[in-house]
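As structure tokens, the structure follows; a few thoughts come after it.
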Amino acid sequence: MYIPGMTFSSSSTTLTTAVPVSLTVPPKTTWSTTIRTSSRVCGSPAIFSRIVGGTDAVDGEWPWQVVLYVGGTFICGGSLISEQWVLSAAHCFDYSSYPSYYTISLGMYRLGGSNPHGVTVEVEQIIKNSQYTYTGVRGDIALVKLKIPVAFNDYIHPICLPAASISFLSGMECWVTGWGTRSSGGSISSLNTLQKVMTPLIDYKQCDQMYHIGSSISTDITIILEESICSGYKEGGKDSCQGDSGGPLVCKVNGTWFQAGVVSWGDGCALANRPGVYTLVPAYESWIKTNVPELLFHNVIPESTNPPDSPEGSASRYCTSWTLVLFSVLSLTLF
């Protein structure tokens with residue numbers, strides 16, 4: 001997560017892989033399609049905070065946030081969407097396709113130190129979208145099945161999934177959470193506390209225009225795909241960063257939280273005209289339902305709020321960083 005006031009360097013044009021951080025890993029669900037803020041359904045945390053912008057989260061504030069480890073090493077984030085399923089980014093599983101290599105921790109607040117509510121579960125199955133390739137960003141979404149179902153509580157609780165008919169409008173203020181670096185190319189502290197940041201949404205067309213600014217890529221070539229959504233500010237300053245991949249971009253509608261996106265990639269961190277790019281969750285409703293039919297999607301009507309030109313927020317992005325060259329010109333970082 002990039003936080004204002006922290007120094008950062010511009011993204012590199014060389015293919016690089018962030019060195020994972022070795023840390024100590026802590027030791028069929030249905031719910032009503034009617035969203036009720038008075039009961040503990042999806043997207044309804046028991047703990048709330050009024051603190052905004054690039055700050056430590058409150059323990060239990062984002063109970064759907066999970067941590068993905070490979071061999072005991074933190075690599076990515078993700079979101080709990082049912083008792084036995086997690087949503088993350090496909091590129092988080094570039095290391096290996098074997099589920100036995102991975103574990104997922106839930107109820108986490110710090111990457112290291114005390115996590116009294118933390119639970120770690122082995123992975124049974126990994127389903128990556130078939131459109132995903134190692135050198136592109138289409139289909140950067142994955143479903144992860146846990147070996148055993150988890151019990152919901154105040155610190156472990158699922159996020160709601162929005163139906164394909166939902167359009168998240170530009171300017172809507174949403175939140176991204178994670179344990180990613182606080183500067184481009186920075187390191188991840190073993191005692192890093194979960195961070196949260198609020199940034200406005202930017203639709204894919206406007207985001208595509210922004211990514212062409214200062215680039216030699218022809219405007220006839222689409223950089224930001226229709227099944228993506230962006231979040232951030234035109235002038236930069238707040239953004240998700242390396243180590244945040246796979247984590248959730250969530251928006252609050254009528255008192256309930258819905259997952260709009262999955263942290264995917266970006267050109268550096270918090271640069272002007274380079275907002276964070278997220279896989280748009282509603283665009284993959286059909287794919288998710290095909291693989292996990294029991295999951296429920298909800299129809300909501302998001303309302304636009306402030307335009308994306310005011311730096312009142314901050315961000316987060318998970319996983320290892322891969323710096324690729326997009327169309328041989330744009331430096332693309334998979335977080």
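The values are calculated or read from the model by the stated rules, or taken from the named source; none is laboratory data. Only a predicted model underlies this, so the values are computations on that prediction, with no experimental measurement involved. Please note: Cβ atoms are built from the backbone with ideal geometry, for glycine as well, and neighbour counts cover all protein chains shown.
With respect to ILE3, determine if the residue is surrounded by 12 or more Cβ atoms within 10 Å (Cβ to Cβ), modelled with pLDDT under 80 and among the aliphatic types (A, V, I, L, M). Criteria met by ILE3. Every condition in (1) in contact with a Lys or Arg (Cβ under 7 Å, 6 or more places away or on another chain); (2) over 15 Å from GLY77 (Cβ atoms) holds for ALA142 except the one numbered (2). Going by the structure shown, is VAL262 modelled with pLDDT of 75 or more, outside any loop (DSSP other than H, G, I, E, B), within 14 Å of CYS174 (Cβ to Cβ) and touching an Asp or Glu at 6+ places or on another chain (Cβ under 9 Å)? Yes: the conditions hold for VAL262.
Note on region 126-137: residues that are farther than 14 Å from LEU68 by Cβ and not in a loop (DSSP other than H, G, I, E, B) total 1.
With a requirement of 3 or more residues that are farther than 27 Å from LEU80 by Cα and at pLDDT 85 or above, none of the strands (runs of 3 or more DSSP E) lying completely within region 164-259 satisfies it. In this structure, is VAL277 modelled with pLDDT of 95 or more, among the β-branched types (Val, Ile, Thr) and not in a loop (DSSP other than H, G, I, E, B)? No. Scanning region 98-156 for residues that are among the charged types (D, E, K, R) and touching a strand residue (DSSP E or B) at 6+ places or on another chain (Cβ under 6 Å), we see that the one that is surrounded by the fewest Cβ atoms within 10 Å (Cβ to Cβ) is GLU122. Can you tell me which residue in region 31-43 is modelled with the lowest pLDDT, limited to those that are small (Gly, Ala, Ser) and farther than 28 Å from ILE126 by Cβ? Looking at the filtered set, the residue picked out is SER32. Name the single residue that is farthest from MET210 (Cα to Cα) among those in region 248-296 being surrounded by fewer than 20 Cβ atoms within 10 Å (Cβ to Cβ) and touching a helix residue (DSSP H, G or I) at 6+ places or on another chain (Cβ under 7 Å). It comes out as LEU295.
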